[in-house]
């Protein structure tokens, strides 16, 4: 590729970034296809950074149920696309990136030629429906651009997007049977009755509006659209696949299946017919809105007034270049750059924009709200992303991160339960996973001075959330100091995470001078000790009578008091106080070999089957990188006398868990958390405890990295003697002065400066 | 009753009405209970004039289907209440008045005592559920007030309402098991799956918000609510009766059935628990909105900020007094006044207000719109109401009628089909019945000078509507000059009504100087002649080959080319040109006896069974007053040499078809059309052809009537020698000058003045 990118692009929130042009094309290194094979659950399609639209091919639309039973294969289609597949069903407009559960897949578009087929057909018999065979040879997946040949229809499909508009360009053969299908039944993680309602209006010969309302992972979710065609359709029609229409009555006089502009029902598919000449391009602009079809139209007209596909694509790629150039690295190999910028690409997909161009969005109360001074975001996979993604944003996306915190606070204001988000998307709380991990995101922003909002009010929201007695064992947790397993499952995980979240509240309270809150939550922050069984050296489920549960398997993840982790991994989860943990676990002498074992032990086969969300690729020994609870574990050596082991382990994990290939991710990317781990670790440090200002030093893989901060400053990382073998840190110089402890402060970064690592092939044995 | 009513009430649109106090309590004569027995389909509950809330008892909630088949009994429950019933299920907030099809019945509230029962139970075993036995002895139904004793629960229920807020007052016995049920599954004309979605939030210990979305007669309909209790509930809970909740997932951790504030699903019932002391009153304010729960809350706080039930009731009754006093009559008997003011009451129920206090409403496109300078109305039963109800409004409610026309024009603007409303309610077109009878309403307003909006744009909307080739035979109608029965059923009715509607367009065009439109539609207005079969003297279905259909039964209403009428009734339907019709039918000599026969012939039993929507009570001879097509028929004698027969017939119909008793209506009140017929006829004139300025004179039943017009003028009708026997008009003096033709002009009324009838027991035989 021979593109030159400038820095100044209209409307980007980059005004504070150092205005030095980055002339290297960085998007060449970012590969949306990474993670689409096996369990990465990423999508290869077109989207802009944090965009509301993710326009991407779906290779299957499995139903959640098959013959009345859960269909386990559906899990592999969280992002709608599996690299192994041979057919594409169509292109839908909303996708999660890397989640372990799913929803979305709204408004599937498929261009076809030949006799009209309104059913998708099956993968083994693609000609039985509108889907098409495709080949990876014809496939191009770049940031903000996707291209593929739909072989069955001889159509070249190209996709790009603005924030709220999916832009399709289909190059047709000569045909008097050219069709565009709009499948309003298709969706990801589709239940037979996931569609609650569908409403469509054909406004004129090239404009269609409507909405789709679903009951999926989001219980009450409506997405509005406006679809503009570049060419008037000759005919259009629809088929209804449900019996709903309680009173057919006088509607019965009209043939609603053909050229009837006013449709509604539970299950609908539509088609639009064209004649095409050889090589004729039909373009579609598909705008979304959380609020209304009026909003979608406004988004369409504002963001994509014209029909120049290449221009939209170029704008999208310029936005990516802008965002990726917030961190400019040099690395030994092209593959390192590919891993890095692919990770940065994935880290910049979610949370997603959730408001119209005029600031209107749907609130948790299903009312229309309007933001004041911030961009509203959704898709908060907080149990994952509080760990490294939001801390990464506090460095390289502080404005967006503060807006995300404000979005969470708006959620709190609108919550009937008076809770900050747990796992929230599209004006819904889905309660996925445990803890109240909005708290570390908000506390981290406050502690790091990135809270341009009413921080005391934000702290109040954290406190109110943490005091909700009805929520998932908190009542007993506050009474007993731990969640008893006989009353509330996954009790150890909950206790550990509540304790950490509580520590975050205390840190924010201290920063804000709120002593009473600091006292209350500092005390709660120590609750992790209540589930530590010194007799076996593991965290262990405790019962409401105070005793530890007798039946206990430290390797199993199955009903042992943990979630997405076993006792080995989770027992290390005291990010707020590793020193104390190490002390309780017997000090360096006992702890270091224990931690070593995590990475080196042989996990019996039977435990793989029960480890959720990841393949065997995501596990090293008994260390599960494919899930999050032990993401900080490799950095814990920094609190022992052997920090060099952190350097070693981190380099090993970086090497084994990340590849710039479709199967390059060892587990779900989890809305960017896995990628954020990569970015931090590749840069040489990691936020073990968000809510503190400290980063633990690891071992950078880059040759150099420049963080181009929004405050106009830059922080540069240089490595000397960098190589694949030289994984050990011999010396660190911060702005010319030696850094003697393996820790870096947030303000060291934001003040700008330079950190120089001197690498070595041999560990530096002293702390 | 001893109430004194003043005229000036804040916020009423009566500023133009002559400011002379009417001290007689008129609401004493208006009986909401009239029409609740048999097929009147009225409701007895509390509402204000044209109010958005109709808070009324439902005596049964039959399902549209029973054992998979249509349940014919459901038809009798269009308004939710049947006088014969012994039990009340609860009080719901929305009701049509007098329709022949139905919907609504939203948000059923029932107060109970004793063990909680969440199912309604059955009429034969009321104790099997929350419903209660009641007696008409304890029942009071007044405008804006309803009271009844719920015997099973020992609770006195009282209801009143503002425009958008239903106000409940329940007087409880001492109980520690007092409940308020909120049944979100209940509804009128309920299908098993009419509920599409339900969403509820318990905002705090006394405020609940949410919405109900249905797929009923309105295909896509959502009503939002805010429910405020006067006393905090002790507990609350819910039960879900559907399996929807695709991803239970982490929701499963919470017991959503008890004190959980965040509910959604297809089928839900809720309860709220209280302890009560003897005689304790628990009050509820239940606000509706077409837009959002925010809108409902705003409506609640604006219209009913306090808790004084009596004050709200008094306000509501004052509004009724205000509206009823637009026509002040004196009549020979109390029963006449009761008939008159009950009719005026029923005429002032629909169309209903459809916007929030801030002017926001849901449009046909499901977007939120805001009115500019008018009140938005819904519930347009136009096939019925264009005949007499809207013409009545042009005299006594011109401001509202102009607003209704503007509401129709807004509908047109939002219509995907580019059509004015046919039968429209709650941001939906249900297409019920035939024709395009927004046209006569709009044309009548234009011709009568009551069009304070862009009349040319309104005419354009009429023209666009009338030219929709796809709509219900219009294509062939414009091509052939009639709708052919072999292509489109009810073809004669359609042809006749299109021709009349077209004439209306021509009249409006003439008024606006639009010659081209006038020419085009004047021509179309003559199309009725194309379905007149001179060989038999009846309108008759014609086929697309030009021939009249051979099989034909002039008495049957079943598949004879007509709808809600037979050839006898419908062949008289040329309101725009009775003179020509009479001429074609053979002139006075043939026509008069023919018309006589209509009223006097014996209709064989078998035809009763197939006559829709009415009981035998609604038929006189073969004249069907219970349906609308022949409502003008009795007035046609005015175009013959025997207008005295109009006088005679009208008085007969008035006497036989209207009684101030529960069974006092001979058919569905049809959103006020039947009542408007009464009011006009009782005053002595009738708008045979809305769209013209002329009224046909009949025979007044009043002694006197003063029309207190919004322009500040009054028009007074006096009768001399009035009695039950003196039904003939001997002389008419308009402002002291004799009126020689049996016709009155609209401007005669609006200019103010006096019309004096001298009545006689003997007909005046000359024209």
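The values are calculated or read from the model by the stated rules, or taken from the named source; none is laboratory data. Owing to the predicted nature of the structure, the values given are computational and were not obtained by experimental measurement. Cβ atoms come from the backbone with ideal geometry, glycine included; neighbour counts cover every protein chain shown.
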Selection from segment A:298-321 of residues under 16 Å from residue A:160 (Cβ atoms) and out of contact with any strand residue (DSSP E or B) (no Cβ under 8 Å at 6 or more places or on another chain) yields A:305, A:306, A:308, A:310, A:311, A:314, A:315, A:318, A:319, A:320, A:321
Note on residue B:287: of the conditions (1) under 26 Å from residue B:660 (Cα atoms); (2) touching a strand residue (DSSP E or B) at 6+ places or on another chain (Cβ under 6 Å), unmet is (1)
Counting only residues in segment B:92-116 that are within 14 Å of another protein chain (Cβ to nearest Cβ) and within 27 Å of residue B:229 (Cβ to Cβ), the one surrounded by the most Cβ atoms within 10 Å (Cβ to Cβ) is identified as B:105
Can you find even one residue in segment A:449-472 that is out of contact with any helix residue (DSSP H, G or I) (no Cβ under 7 Å at 6 or more places or on another chain) and within 12 Å of chain B (Cβ to nearest Cβ)?
yes
The residue from A:271, A:341 that alone is touching a residue at least 40 places away in the same chain (Cβ under 8 Å), in the same structural domain as residue A:396 (by TED's automatic domain parsing) and either touching a helix residue (DSSP H, G or I) at 6+ places or on another chain (Cβ under 8 Å) or under 30 Å from residue B:474 (Cβ atoms) (or both) is A:341
If you go through B:693, B:754, the only one that is within 29 Å of residue B:510 (Cα to Cα), touching a residue at least 24 places away in the same chain (Cβ under 8 Å) and touching a strand residue (DSSP E or B) at 6+ places or on another chain (Cβ under 7 Å) is B:693
Practice item. Return a yes/no flag: does segment A:58-77 have any residue that is crowded, with 24+ Cβ neighbours inside 10 Å, in a strand (DSSP E or B) and on the phi < 0 side of the Ramachandran plot. Key: yes
Residue B:436 fails exactly one of (1) crowded, with 24+ Cβ neighbours inside 10 Å; (2) part of a helix (DSSP H, G or I); (3) away from every other protein chain (no Cβ under 12 Å), namely (2)
Scanning segment A:414-433 for residues that are touching a helix residue (DSSP H, G or I) at 6+ places or on another chain (Cβ under 8 Å) and either assigned to a helix (DSSP H, G or I) or within 23 Å of residue A:292 (Cα to Cα) (or both) gives A:424, A:429, A:430
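Each row is one residue, and each column tells you yes or no for (1) farther than 27 Å from residue A:213 by Cα; (2) touching a residue at least 24 places away in the same chain (Cβ under 8 Å); (3) outside the structural domain of residue A:461 (by TED's automatic domain parsing); (4) surrounded by 21 or more Cβ atoms within 10 Å (Cβ to Cβ).
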residue: A:370; (1), (2), (3), (4): no, no, no, no
residue: A:378; (1), (2), (3), (4): no, yes, no, yes
residue: A:385; (1), (2), (3), (4): yes, yes, no, yes
residue: A:391; (1), (2), (3), (4): yes, yes, no, yes
residue: A:400; (1), (2), (3), (4): yes, yes, no, yes
residue: A:407; (1), (2), (3), (4): no, yes, no, yes
residue: A:416; (1), (2), (3), (4): no, yes, no, no
residue: A:428; (1), (2), (3), (4): no, yes, no, yes
residue: A:445; (1), (2), (3), (4): yes, yes, no, yes
Filtering segment B:517-550 for residues that are closer than 25 Å to residue B:599 by Cα and in a loop (DSSP other than H, G, I, E, B) leaves a count of 6
Of the residues in segment B:499-510, those that are over 21 Å from residue B:565 (Cβ atoms) and buried (at least 24 other Cβ atoms within 10 Å of the Cβ) number 4
Would a scan of segment A:158-170 turn up a residue that is more than 14 Å from chain B (Cβ to nearest Cβ), out of contact with any strand residue (DSSP E or B) (no Cβ under 6 Å at 6 or more places or on another chain) and modelled with pLDDT of 95 or more?
yes
For residue A:242, the lone unmet condition from (1) under 30 Å from residue A:302 (Cβ atoms); (2) in contact with a strand residue (DSSP E or B) (Cβ under 8 Å, 6 or more places away or on another chain) is (1)
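Of everything in segment A:183-213 that's in a loop (DSSP other than H, G, I, E, B) and facing another protein chain (nearest Cβ under 7 Å), which residue is farthest from residue A:161 (Cα to Cα)?
For segment A:183-213, the residue satisfying everything is A:193.
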Those strands (runs of 3 or more DSSP E) completely within segment B:220-303 that have 2 or more residues that are away from every other protein chain (no Cβ under 14 Å), over 30 Å from residue A:78 (Cα atoms) and modelled with pLDDT of 95 or more are B:221-229, B:268-276, B:281-289
Of the conditions (1) in contact with a helix residue (DSSP H, G or I) (Cβ under 9 Å, 6 or more places away or on another chain); (2) outside any loop (DSSP other than H, G, I, E, B); (3) more than 14 Å from chain B (Cβ to nearest Cβ), the single one that residue A:410 does not satisfy is (1)
Residues of segment B:122-149 being touching a helix residue (DSSP H, G or I) at 6+ places or on another chain (Cβ under 9 Å), part of a loop (DSSP other than H, G, I, E, B) and at pLDDT 95 or above, in sequence order, are B:130, B:131, B:134, B:135, B:143, B:144
Considering segment A:473-498, residues that are within 17 Å of residue A:438 (Cβ to Cβ) and crowded, with 24+ Cβ neighbours inside 10 Å, and then whichever is nearest to the other protein chains (Cβ to nearest Cβ), we arrive at A:494
Across (1) more than 10 Å from chain A (Cβ to nearest Cβ); (2) out of contact with any strand residue (DSSP E or B) (no Cβ under 6 Å at 6 or more places or on another chain), residue B:216 clears everything bar (1)
Of all strands (runs of 3 or more DSSP E) fully inside segment B:709-767, the set with 1 or more residues that are more than 34 Å from the chain's Cα centre (by Cα) is B:728-734, B:753-760
